[in-house]
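The values are calculated or read from the model by the stated rules, or taken from the named source; none is laboratory data. This one's a predicted model, so the numbers in the text were calculated from it and none came from an experiment. Neighbour counts run over all protein chains shown; Cβ positions are idealised from the backbone, glycine included.
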Amino acid sequence: MSDLGKLQIEMSSVQMWIECEVKPLQTRGEIIVERLATIIQRGRYLELWVNGETTAPALEVLLYFVVPISHLEGLLGDLEEEYRTVQIPNFGPRAAQWWYAKHVLRTAGCYLMRACKTASVVAGAVDSTRRILHWLRM
């Protein structure tokens, strides 16, 4: 085999190594950084709420811990707008508060169920992988 052929094989091996080993690590690193930023952002918000520096109702704080940050701003804005412009004028403050509480709890429940389903799928995949690896070792 010529030197050029060997060089091409080595280059393809390097490219394969980059595709299989390096790129997934970069993706995992990005995911970890994103999750860390989310944790920090939620911690700061909780600190503001505990110190009384935000007027958010206690139930709204619940959403900060179950709804992905990317969905949170729009969701809270829609709930607040509906509460202020539709519910209070049409049904009064007390009924509007019940409406708000019901929708916050329902939304939190939906996101919690989604998180539980995801965790269940991941746990099932890990268990299946563990069983396959155990079977292959026998």
key: Test: Tyr83 is among the aromatic types (Phe, Trp, Tyr), in a helix (DSSP H, G or I) and touching a residue at least 24 places away in the same chain (Cβ under 8 Å)   = no
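Could you say which residue among Leu76, Leu46, Leu59 is touching a Leu at 6+ places or on another chain (Cβ under 8 Å), within 26 Å of Trp98 (Cβ to Cβ), at pLDDT below 80 and surrounded by 13 or more Cβ atoms within 10 Å (Cβ to Cβ)? Steps first, please.
Numbers: Leu76 fails: at pLDDT below 80; Leu46 fails: touching a Leu at 6+ places or on another chain (Cβ under 8 Å).
It is Leu59.
Residues to consider are Trp17, Trp99; find the one that is aromatic (Phe, Trp, Tyr), surrounded by 10 or more Cβ atoms within 10 Å (Cβ to Cβ) and at pLDDT below 85. Before the answer, list the steps.
Numbers: Trp99 fails: at pLDDT below 85.
None of the others qualify; the one that does is Trp17.
How about the range 67-78: which of its residues are out of contact with any helix residue (DSSP H, G or I) (no Cβ under 6 Å at 6 or more places or on another chain) and assigned to a helix (DSSP H, G or I)? Show your work before the answer.
Step one: filter the range 67-78 for residues out of contact with any helix residue (DSSP H, G or I) (no Cβ under 6 Å at 6 or more places or on another chain), giving 68, 70-78.
The answer is Ser70, His71, Leu72, Glu73, Gly74, Leu75, Leu76, Gly77, Asp78.
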